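The values are calculated or read from the model by the stated rules, or taken from the named source; none is laboratory data. Predicted, not measured: the structure shown is a model, and the values here were computed from it. Glycine also receives a Cβ, built like all others from the backbone with ideal geometry; neighbour counts cover every protein chain displayed. All accessible areas refer to the heavy atoms of the entire protein, side chains included, with ligands and DNA or RNA removed. Shrake-Rupley method; radii C 1.70, N 1.55, O 1.52, S 1.80 Å.
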Amino acid sequence: VRVTFRNASAHPHSIHFHGIHPTNMDGLEPVALGETFIYEFEAKPAGMQVYHCHVQPFTRHIHKGLYGNFIIDPKVPRKPAKEFSMVMNAFDLDLDGENEVYTVNGFAFAYMARPIKVKAGELIRIYISNMTEFDLINSFHLHASYFHYYATGADPEARPYFTDTVMQCQGERGLVEIVFPAPGRYMFHAHQSEFTELGWMGFFEAE
């Protein structure tokens, strides 16, 4: 993988990719304004990774959106599925160190007004990560069904965890695989009531 990073902002930044790579590709050295750095490494191990800025103050750089999901497919393909990427995050609007808005993919209540359309009986795969700052954990809870959870998703042959709720600390990630048993609206949300009420909730609509 070769990533050319050009810093056109007013602050030094870097990209730290989770996974296995040479230490000189670890994103610890800041890239100054106007400078360019090329990250180059072999993509491994397979599974669910994240990336983020690794320049201090970490709380502010990561909190302001310098992060994302980084998916490495295994050499032996996973089963065909309809796939989604979800990043759990939050926003501290008044800069007091506490979040006022919680979301998945950056938009509060986005999937309440526009549920995610899926098919009953179809395998659904969600690459989910937690990049929420200022809170110790976040969570994913599914109503009216269960799912298989693969922590980090690195081994498609691993025995998954069968549940309806998982918790993730910041930087933790995994694969959620769901087969909705029948048509209907299946709610999903964080299982911290505050997070749910402040935006982190939505629906899958199985047809």
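Efficiency by 1/(1 + (r/R0)^6): what FRET value for Ala43 and Leu136, r their Cβ-Cβ distance, R0 = 30 Å, to the nearest 0.05? Don't skip to the answer; put the middle values down first.
Working: r = 30 Å, r/R0 = 1.00.
The calculated FRET efficiency here is 0.50.
A simple spin-label model places the labels of Phe5 and His143 4.1 nm from each other, with each point 7 Å out along Cα-to-Cβ.
Mind putting a number on the dipole of region 88-177 about its Cα centre? Charges go on the C-beta only, +1 for Lys and Arg and -1 for Asp and Glu, and I need it in Debye to the nearest 20. Each step should come with its number before you reach the end.
Working: 6 positive and 13 negative charges, 135 e Å.
It comes to approximately 640 debye.
Show me the ranking of peptides 189-198, 66-75, 121-130 by mean Cβ neighbours inside 10 Å, starting with the highest.
121-130, 189-198, 66-75
Annotation: per residue accessible area for region 51-207 equals 50 Å², rounded to a whole number [probe 1.4 Å, protein chains only]. Take every Cα pair under 8 Å whose residues are at least 6 apart in sequence, average their separation, divide by the length of region 1-69, and the relative contact order is 37 percent. Surface composition of the chain: carbon and sulfur make up 57 percent of the accessible area, probe 1.4 Å.
Distances longer than 24 Å among the Cα atoms of region 33-156: what percent of all pairs is that? Don't jump to the answer; show the numbers that get you there.
Details: 3072 of 7626 pairs.
Tail of P(r) above 24 Å: 40 percent of Cα pairs.
Here are a few candidate values for semi-axes √(5λ) of the Cα gyration tensor in Å: (1) 29, 23, 18; (2) 30, 22, 13; (3) 32, 18, 14. Which one was actually calculated from the structure I just gave you? Given (1) 29, 23, 18; (2) 30, 22, 13; (3) 32, 18, 14, the calculated one carries the label (2). Under the criterion of Cα pairs below 8 Å and six or more residues apart, the relative contact order for the chain equals 19 percent. All Cα-Cα separations within region 133-189 were binned at 10 Å from zero, giving a P(r) of 22, 48, 27, 4, each value a whole percent of the pairs. Entry comment: accessible area of region 6-45 is 63 Å² per residue, from protein heavy atoms only and a probe of 1.4 Å.
Here the gap between Ala32 and Ala110, fully extended at 0.36 nm per residue and compared with their Cα-Cα distance, gives a gain of 24.5 nm.
Among 182-188, 31-37, 135-141, 86-92, the peptide with the highest mean count of other Cβ atoms within 10 Å heads the list, and the full ranking is 86-92, 135-141, 182-188, 31-37. When both bridge partners sit in the chain, DSSP labels roughly 80% of those beta bridges antiparallel.
For region 113-207, the average shadow cast by the Cα convex hull is 6.2 nm², which is a quarter of the hull's surface.
Extending 7 Å from the Cα toward the beta-carbon at both Glu197 and Asp73 defines two label points whose distance is 4.4 nm. Could you point to the residue in Pro57, Val166, Ile72 farthest towards the positive end of the chain's charge dipole, with +1 and -1 charges on the Cβ of Lys/Arg and Asp/Glu respectively? The residue sitting most towards the positive pole is Ile72.
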